[in-house]
Each structure stands twice: as C-alpha cells, then as structure tokens.
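Visitor: The structure's right below; bear with me while I get my questions together.
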Amino acid sequence: VPPNHSILFAIYPSPEEGWQIYSSAQDADGKCICTVVAPAQNMCNRDPRSRQLRQLMEKVQNITQSMELLDLRTNRDLQYVRNTESLMKSVDVKLKTASDNPRSLNPKSLQELKDKVTQLLPLLPVLEQYKTDARQISRVREEVRNLSLVLMAIQEEMGAYDYEELRHRVLLLETRLHSCMQKLGCGKLTGVSNPITIRASGSRFGSWMTDTMIPSSDNRVWSMDGYFKGRRVLEYRTLNDFMKGQNFVQHLLPHPWAGTGHVVYNGSLYYNKYQSNIIIKYHFRSRSVLVQRSLSGAGYNNTFPYSWGGSSDIDLMADENGLWAVYTTIPNAGNIVISRLEPQSLEVLQTWDTGFPKRSAGESFMICSTLYVTNSHLAGAKIYFAYYTNSSSYEYTDIPFHNQYSHISMMDYNPRERVLYTWNNGHQVLYNVTLFQVIKTAGD
C-alpha cells in the first residue's frame, strides 16, 4: 500500500470460502480500494464432516441414554421378578397338588390360589415391558452397526489425519482471525447473518450478555430473566456453561430492575432501577452498588418504551467508544435520545436527539458511535434507521435479518465479539454482523 493512503475494506461473510481479495483499484483521491470476502464466524463448524460428526455424537449420546434407561428398567423389573419368585413357587406347588389330587382343592384352597394368582397379575406388564425393551435393544444394535459404517467411511475419507488435531488447528486459526478482525477498526453496518440459537431458557422476555469492555479476557455470561421487578442475575463461567445451564452463581441485586436494557461493562452491571429513571452501577466481584444516578428527564415505567412495551424506556448499551443510554423525554416529544455516559460517575457527557419516535422502534443498538434502530420486534423486522453521532446526521436503512422466534425483547451489540446478542421469545440468539470499514495505514 503506498504511504499516506488508506485501505477501504468491504467485508462480506461467505459461508463457502475463506478470506479472498477479489478486486482492487484506486478511487478518485488515489486511495487503495480492496474488496475482501471474509468467512462468517464459526464457518468451520459448518463443515459437512464436522456437522456429520456432531450428528454422530448426538446419536451416540441418545444411544447411551437409551442404554442407561434400559439398564435402569431391567434392574427394577428384575428385582420385582425376584420378589415374586417365592410366590410363583407357592402357586406352582398348589397347582401340582390340585392336579395330582383334585379332591384336595376345597373352596378355601381355591380362594387362596386365586388370591396368589391375582398377586402375580402385575407381572404381566413387566413381561410386556421386557418385550418392548427387547425390540429397543434390536433397534439400538442396528443404530450402532450404522454408526460403525459411517465412522469407517469418514476415517477412509480423512485418511491419516486426526480430526481432533485438525479441529484444534482450525480453532487456533479462527482465534487469530478474530484477533485480526478486532484490529480492523470501526465501520458501517451493512449486513446481519442468520441467527445462531445458543439456548432456549427463561420466559418470553429477558436479557443475556458478556462483558463489552475492550480489551477483556473475561468469558463470563450473565442472564437476567424477565423485565418486571427482577433481582436475580445468573453468572456463568463460560458460554459453554451457559449453553449447558451449569457452573453458575447467583447475584441478588439490592434494587429491582425495569426493562431488558442492561449492559455489563468492565466487570459491572449497568441497569435501570424499577419505577425510576435512575441508573445503577453494580459491581459483580464486590457484590455492591458503586454508584447510582438519575438520567434527568428520562421517561420510565412504560412512558416511552419500545414497541413491545415491557418497561423498556431506558436502554443501556456499549460499543467500541464507550457507554451509552438510549431513552426519550417529554421535551423531545417521545423521540429517541442518545446520551454518552461517563462509566465511573454516570454523568452525561453529550446528548443527541435523533428525531425517531421510540414507540415505533422494536429495539436498537450502538456500533461505532452509530445507533441502529429496528422497525419492529416481530417477524419481518429489519434495521430501518441509523443515527450517526459523529456527524449528528441520520439515514433510513434497509438491512433485513431473520427474526426466527418472532418476538425480540433485547438486542445489543458486543464490540469484543462483534456480534448481536438477542433474547427472542425465550431463546438466546446471536447474529454476526458485516461492517464496511475504512482502515488507515500508519503513514496516513
């Protein structure tokens, strides 16, 4: 790249190819222009063999669970059969006696025999279950045989390569790629990927997040179910733990929250206090409130919510350039207001009036000091409006995304991971984003 020039990157995710520069030129000012095709995040996880192995692992897990269930039932039923063994022997003796000497079978003996036979009747469903389990074992045997054939085919296809070793190398490359993307700088949103469902948990409304501070090695995940008077925050060690619902601790907030517009920034949770326009900064490690401050004039308690309601009057968020509050006031006639906040004191540093009515917005999020607004929280929603705080200007956009579960109650951007976190009708979902970026060289 010539000195004193900048590189203009158009970054597009391609699910089938790796990074590719497919054209380059100079613009009217002499700037180098390169168009780059970049793979979508976790592209390698969509490799057919990877998907096939994951399906095989799921089948193995299902077979294991079936075997465990069969073993449990067999042990239970076997114990029942053992318990009825003496009863069966007694019935057998009485039947032989009656057969050898029919006159010995008086009414009393007959009644005793009937009673013992009645006690044996519960054994019939147990035997029926044995028949069912035998058929199940036959099916399991067939599945194991099929699995063996598929695994042999994969082994022949891959030859001498060790799949786990290859997968480890791919993960290392993806980490390096992710690190490279972090250095690309800010850009304009041009696209949103298909949804990636991480988990289905909680109620219809809620929020979940990781720390948005850059840089940070904190891998914890936080989940806050509901929008009304909640106080319980679940903290998971990693995303994998969150997906499995394990290894978590609970924080009980001193004040309940309102809405779902919470954000974790540099180890602290910022949230709107219930029935107020007060913002609270809660520090997770010390389990204490470090500061709370009123957002002057901000509506609350469903005065100016998003289109879905839910006390979503005040939405806190973070991007590459800091901490933000999105809300509205009566003097602003219900239009969205953006304020940049000082993270330590929660003091308002600067404010913008976007002119966009908040009740017409489904959700919103900040990327690189630009607020992006969706036109609905329901199916068919798209990113419809963008407000650029750097230039105090706006434009209407048309960026579609797939609202898979038809009711989004939280949508926030994480600048560390460059993904959108959403809570969609009880599902926790991620979207990768495509940014059009200008990267300046050292001589510029």
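Visitor: Can you compute the modelled spin-label distance between residue 116 and residue 249, with each label point 7 Å from Cα toward Cβ, in nm?
Guide: Output for this residue pair reads 6.4 nm.
Visitor: Also, quick follow-up: Calculate the spin-label point distance for residue 239 paired with residue 398, positioning each point 7 Å from the Cα along the beta-carbon direction, and give it in nanometres.
Guide: With each label placed 7 Å out from Cα toward Cβ, I get 3.2 nm.
Visitor: Please report the accessible area of residue 398 (heavy atoms, 1.4 Å probe, ligands and nucleic acids excluded) in Å², nearest 10.
Guide: 110
Visitor: Quick check on my link table: of 188/281; 281/382; 96/116; 273/382; 59/382, which ones sit more than 26 Å apart, alpha carbon to alpha carbon?
Guide: On the way: 188/281 30 Å; 281/382 32 Å; 96/116 15 Å; 273/382 30 Å; 59/382 37 Å.
With Cα atoms farther than 26 Å apart: 188/281; 281/382; 273/382; 59/382.
Visitor: Label-point separation (nm) for residue 283 and residue 342, each offset 7 Å from Cα along Cα-to-Cβ?
Guide: Between residue 283 and residue 342, the simple spin-label model gives 1.8 nm.
Visitor: Around residue 382, which amide H atoms from residues at least 5 apart in sequence, or from another chain, sit under 5 Å from its own amide H, with H modelled in the peptide plane?
Guide: 375, 376
Visitor: What figure, in Å² to the nearest 10, do you get for the accessible area of residue 395 with a 1.4 Å probe and non-protein molecules left out?
Guide: Result for residue 395: roughly 60 Å² accessible.
Visitor: Shape of region 187-237 from its Cα gyration tensor (a ≥ b ≥ c, root eigenvalues): rounded if a/c is under 1.5, otherwise prolate when a/b > b/c, or oblate? Kindly include the intermediate steps, with their values, before the conclusion.
Guide: Numbers: a/c = 1.97, a/b = 1.31, b/c = 1.51.
Here region 187-237 falls in the oblate category.
Visitor: Could you derive backbone 3J(HN,Hα) for region 359-371 from the dihedral phi with the Karplus parameters 6.51, -1.76 and 1.60 (θ = phi - 60°), listing whole Hz in sequence and x where the residue is Gly or Pro?
Guide: Whole-Hz 3J(HN,Hα) from phi for region 359-371: 5, 8, 9, x, 7, 8, 7, 9, 9, 6, 6, 10, 8.
Visitor: Let me ask you something else. Gain in length, residue 168 to residue 301, computed as 0.36 nm per residue apart minus the alpha-carbon separation, to one decimal in nm? Before the final figure, lay out the partial values.
Guide: Details: separation 133, 0.36 × 133 = 47.88 nm, distance 4.91 nm.
Separation in residues times 0.36 nm, less the Cα-Cα distance, equals 43.0 nm.
The values are calculated or read from the model by the stated rules, or taken from the named source; none is laboratory data. As the structure is a prediction and not an experimental result, all values here were calculated from the model. Quick reminder, even Gly has a Cβ in these numbers, built from the backbone with ideal geometry, and neighbours come from all protein chains shown. Accessible surface is based on the protein model in full, side chains and every heavy atom, while ligands, DNA and RNA are left aside. Shrake-Rupley method; radii C 1.70, N 1.55, O 1.52, S 1.80 Å.
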